[in-house]
Amino acid sequence: MRSLLLLAVAAASSLAQAPTMPTQAKSIVIHADRVLDGRGNVIPGASVVVVGDKIVTVDKRPSAASTYDLKGYTLLPGLIDAHSHLTWYFNRQGRYHTGNDGDTPAQSMLSTAANAYATLMAGFTTIQSPGSPEDKDLREWIAVGQIPGPRVITSLTALSQSRLTPDSLRALVRKRKADGADVIKIFASASIRDGGAQTMTDEQLKAICSEAKAQGLRTMVHAHSAASIKASVLAGCNQIEHGVFADDETLKLMADRGVYFDPQICLVFQNYLDNRAKYDGIGNYNAEGFAAMEKAIPIATEMFTRALKTPKLKVIFGTDAVAGAHGRNAEELVCRVQAGGQSPIDAITSATSLGAEALHMADQFGSIAPGLQADLIAVQGDPTKDITALRRVMFVMKGGKVYRNERP
Ligand SMILES: [Zn+2]
């Protein structure tokens, strides 16, 4: 009996140690009416060749037969949302989920997985999530292909403790790193529903952003008031979120310091207003809060037009997608073009190569170029002429794997 067992163990271990023969990865050729490389270039009638998880060639005069012939479609890099909260959802009572609504952690995680799926199907192959410890498992399960979703870059829990000393905040940055955070998220100002004034002192912001830099982590800062943006930029933080009350001086300061700016002008506000009954009465989702958000839309839109006119300011794309907005992320791009006056090609660049640059991952994805991850989506029509084409995502490939192919 014992020797049989030993034999079985030996057989199992020899199986485990058997060299896995690399199967010759075959190439996938995707042809489309036009290819947008994500860096502002439009290549008509090109093919993109993918082997394994990587792009190997962009063939401008394609000769090889295509695996996918996307006639009537535009191929572009998978989109990047620099600010999405996948863990936010509406519970089965039709209310915004909070910690005390009775949902179990498993139920919450299933809702999060559904949000991740909806986001990927909408053409977003990478998202940055500020503020959820649950992201750690989500990131891993998606990365190994156990569940479908966009690549997750996460801050884990955000830093908002304005009562802590600079030293304690530095320690907290190191703890986030040890816990596996990719980025540090900071609240430098109050919510727009509470006026948006600066909440962290200049010293606290300096402590956090300099410690993060020393630890090799980027920093993204929630900041609405001009003062809170200015303090964050001077503290050496990398990315500013929202910035509804940014004035010309702070926009220029961000440009001068090479700080990425991620404003929102539409989807996040409109989504709250459309789903008011589901949020109403929870925390600062009250009459004043909703009035503040309604008022913010024209202010944010006007600020956005000034941001676009600020020379060298790197305006990236992030939606701040919350419950109700997942899978509709591209609506913010439509809005930036239609209401904010951004050119469609610039809007697309902001959500592809520039977004990857802000994540310090432009050498991995965000463009259609040889050697990068095969994150490719196809939309019906030409989004450089009609940005609403981004609503018609019919093909999604992430890391060389096709997740959606629903052409009529
Ligand atoms: Zn947010």
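Structure data summary
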| read-out | value |
| --- | --- |
| Of every Cα-Cα pair in region 154-236, the percent that sits beyond 21 Å | 19 percent |
| About the Cα centre, charge dipole magnitude for the chain (Lys/Arg +1, Asp/Glu -1 at Cβ), debye | 780 debye |
| Given charges at Cβ of Lys, Arg, Asp, Glu: the chain dipole, positive-most of 47, 355, 228 | 47 |
| Cut-off 12 Å, label 7 Å out along Cα→Cβ of residue 98, residues of region 267-305 by amide N | 279-286 |
| Computed log₁₀ I(q)/I(0) - Debye formula, equal Cα scatterers, no solvent, the chain, q 0.06, 0.07, 0.09, 0.15 Å⁻¹ | -0.26, -0.35, -0.56, -1.40 |
| Viscosity 0.692 mPa s, 37 °C: Kirkwood-radius Stokes-Einstein D of region 337-408 over Cα pairs, µm²/s | 249 µm²/s |
| Entries of 54/312; 213/309; 177/230; 230/309; 185/278 with Cα pairs more than 23 Å apart | 54/312; 213/309; 177/230; 185/278 |
| The chain - mean residue ellipticity at 222 nm from DSSP helices (-39,500 (n - 2.57) per run, n ≥ 4, rounded to 500) | -11000 deg cm²/dmol |
| Whole-angstrom gap from region 332-408 to region 121-198, using each part's C-alpha centre | 23 Å |
| Cβ crowding within 10 Å averaged over residues, with 120-129, 255-264 ranked highest first | 120-129, 255-264 |
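Just so you know, all these numbers are worked out from the coordinates, no wet-lab data involved. Predicted model only: the values in this text are computed from it and were never measured. When we count neighbours, we look across all protein chains shown, and the Cβ atoms used for this are built from the backbone with ideal geometry, even at glycine.
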